[in-house]
Amino acid sequence: MFEYNHILAAVDYTVEARLVLQHARSLAERYGADLTLLHVVELMPVVGGIESFSYVDLYADQPELIERAENDLKKLAAEEQLSGTNLKILTGVPKVEITAYARDNDIDLIVVGSHGRHGISLILGSTANAVLHHAKCDVLAVRV
C-alpha cells in the first residue's frame, strides 16, 4: 500500500476551499502525513501593446497585502482546526508556484479544488488542470 508522507493543500479563501481542506486533512490523518496549506497571491497579467506581454507582481511592494494573506491563511487553518499545520504564502502564477513548491519540498500528494467554466477547464479548472499535468507527484482534484 502506498503511503503519503507530506500532503500539500493548495487553497484560496473561497467557501469551496474548505472542501479541499477537509479532504487534505482526512488524508493526512489517515497516513500520518505532514500537511502544508499553500496560498498563492496571483501575479496580474499586463499587456502594454502588441509587442509586450508580461506579468507584474502587484503585491511585492505592498507587504501589508502579503501580511493580510498570511493572516487569512492562519484564520482559515484555525477555523478548520488545523493547528500545527505548515502554512505557506507565495506570489506568482498559481499553477507554476504550486508545482514548483511540491517539487522542491518533497510533496507526495497535492490536493486542489476543481472548478472551471469551459473545455477541459469545465472538469478540472485551469489551475487544477495545469497542476495535474505538470506535477511530479500524485494530484487529487476535489470537485467544488
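The values are calculated or read from the model by the stated rules, or taken from the named source; none is laboratory data. If you're wondering where the values come from, they're calculated on a predicted model, not measured in any experiment. Note that we place each Cβ from the backbone using ideal geometry, even for glycine, and neighbour counts take in every protein chain shown.
Name the single residue, out of those in the stretch 1-24 being modelled with pLDDT of 90 or more and in a loop (DSSP other than H, G, I, E, B), that is surrounded by the most Cβ atoms within 10 Å (Cβ to Cβ).
Ranking the qualifying residues of the stretch 1-24, first place goes to VAL11.
Can you name the residue in the stretch 72-95 that is more than 14 Å from the chain's Cα centre (by Cα) and among the polar types (S, T, N, Q) and, of all such residues, is modelled with the lowest pLDDT?
Ranking the candidates gives SER83 first.
Could you look through the stretch 25-41, keep only residues that are β-branched (Val, Ile, Thr) and farther than 11 Å from LEU8 by Cβ, and pick out the one that is surrounded by the most Cβ atoms within 10 Å (Cβ to Cβ)?
Going through the qualifying residues, I end up with VAL40.
Each row is one residue, and each column tells you yes or no for (1) at pLDDT below 80; (2) charged (D, E, K, R).
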site: GLU97; (1), (2): no, yes
site: TYR101; (1), (2): no, no
site: SER114; (1), (2): no, no
site: GLY119; (1), (2): yes, no
site: LEU124; (1), (2): yes, no
site: ASN129; (1), (2): no, no
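Out of all the residues in the stretch 78-93, which are out of contact with any Asp or Glu (no Cβ under 9 Å at 6 or more places or on another chain), in a loop (DSSP other than H, G, I, E, B) and buried (at least 16 other Cβ atoms within 10 Å of the Cβ)?
Scanning the stretch 78-93 gives GLU80, LEU82.
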